[in-house]
Amino acid sequence: MTLRHATLALLLAGTAAAAHAGVKASAIRPGNFVALSPNEVLVPLNSAGATTLSFSLPSAGKKILTYSAECAVDALTGETGAWLQLDIYVNGVVVAPTSDTTDPFCSANGTAGFDGYVRASITVPVQGKSGGNTVQIKAKGGSNARGLWLGDAALVVYD
């Protein structure tokens, strides 16, 4: 095999692998979702307000899930310890590390009300199953949070 043939074989192998990889499911929610309490709430995942993303896989296996959103926490003046926490559920099971009760997605910045907006993101490995799969995200506030803000969000599940 010549160097040219070996290079071509490697290039074709890489292209075949890239063709297999891809997005398995996605949802985009433009605009803002605001909860005026710190109580746990299902997060809408698209502009229609659906709180469950359903998708099918041809076989079981590890996938990558990424969620990003503009994020802010309503808290009292001087409060920097209040946070918004997300729990990501795949097929009804909370995905680590989002199952911790004190893992902030974003936190207050000491200004009263919603302020200190950030674009937060989390990427986690998830176990998909053959056939139907679901994703849900629950948000809640911690440590003196008074309200939760998630805006212009995107959720992607991919190889």
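The values are calculated or read from the model by the stated rules, or taken from the named source; none is laboratory data. This one's a predicted model, so the numbers in the text were calculated from it and none came from an experiment. Cβ placement follows ideal geometry from the backbone for every residue including glycine, while neighbour counts extend to all protein chains displayed.
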Members of segment 109-128 found to be farther than 15 Å from Ala82 by Cα and in contact with a Ser or Thr (Cβ under 9 Å, 6 or more places away or on another chain), listed by number: Arg119, Ala120, Ser121, Ile122, Thr123, Val124, Gly128
Options Ala35, Ala72; residue that is touching a Phe, Trp or Tyr at 6+ places or on another chain (Cβ under 6 Å), modelled with pLDDT of 95 or more and surrounded by 14 or more Cβ atoms within 10 Å (Cβ to Cβ): Ala72
Any chance Thr102 is among the polar types (S, T, N, Q), over 23 Å from Asn144 (Cα atoms), in contact (Cβ under 8 Å) with a residue 12 or more places away in the chain and loosely packed, with under 13 Cβ neighbours inside 10 Å: no
Residue identified as within 23 Å of Asn46 (Cα to Cα), surrounded by 16 or more Cβ atoms within 10 Å (Cβ to Cβ), of a type outside the set (Gly, Ala, Ser) and in contact with a Pro (Cβ under 8 Å, 6 or more places away or on another chain) among Leu155, Leu148, Leu86: Leu148
Single unsatisfied condition, Leu86 versus (1) within 15 Å of the chain's Cα centre (by Cα); (2) under 16 Å from Val157 (Cα atoms): (2)
